[in-house]
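In what follows, a structure is listed as structure tokens, so that the remarks can point back to it.
What follows draws every value from the coordinates through simple rules; no lab data is involved. Fair warning: this is a prediction, and the values are worked out from it, not measured in the lab. Don't worry about glycine lacking a Cβ; one is built from the backbone with ideal geometry, like all the others, and counts go over all protein chains shown.
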Amino acid sequence: MKFPNAFDGVKKLFLSEIFQLIGTGLMLIAAFSALGTAAVASTVENANEMTNAQAAGVLGGVAGLAIFGFIGLAFALVAFILQILGLNRARQDEPAFKTAFIFVFVGIACSLIGSFVPGTFGAIIRALSQLAGLVVTIFIIKGIMNLANQLGDEAVASKGKTILYLMAAAYIIAFIASLISVFTSGAGNNVAGILGIVAYIINVVTYIIFLVYLNQAKKMLA
């Protein structure tokens, strides 16, 4: 094994993405539970007039929100820890992972500051946090591509370029959609909504390919 640190790091990054995917799924279930609870509660004007079925629906929604939300957050926390550990290990073999490691903490700082700053400026700082997350992913891919080039694996290196192109396309489309929604109304907002959906679909496809890419990188480095 020529890059043992990178292998162990990428393996942790792959597990991190799996945990993040599960955590996101659980959080979505929690969100749907909250919506269901709100829908049931909105049909009742007086809590004393709530039927047994409605009460059971509300209690079930609250329980679902609490259980799935808590477990989802736990999975997200484990995913974050694995990402930090993975990048810290992989950066010992490839400098691109070191850059990704730094931007993880840049994103955390922006997220924390943005949560305390109100208004447009706070929204901009929170957007920078999302951008930092994008940079982390880009440099993870870049690190894998660099290792693939050193190992002479052209297939893995080439696939990395494809993922980067998809990410760039999704980001540009989402940016154009945000501009359209800000400066137009009516039909313009409809166009922005369609572009937003397209960007979301590309993001989902890119994420799936990225997950497969991490698995291929893990096998390449084994």
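Structure values in brief
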{"item": "Number of positions in segment 188-222 that are in contact with a helix residue (DSSP H, G or I) (Cβ under 7 Å, 6 or more places away or on another chain), surrounded by 14 or more Cβ atoms within 10 Å (Cβ to Cβ) and under 30 Å from ALA90 (Cβ atoms)", "result": "15"}
{"item": "Where a residue in segment 141-163 is closer than 15 Å to ASN5 by Cα and its partner, wherever it lies, is surrounded by 21 or more Cβ atoms within 10 Å (Cβ to Cβ) and among the hydroxyl-bearing types (Ser, Thr, Tyr), with Cβ under 8 Å and at least six apart", "result": "ILE144/TYR213"}
{"item": "Test: residue in segment 95-112 that is assigned to a loop (DSSP other than H, G, I, E, B) and surrounded by 13 or more Cβ atoms within 10 Å (Cβ to Cβ)", "result": "no"}
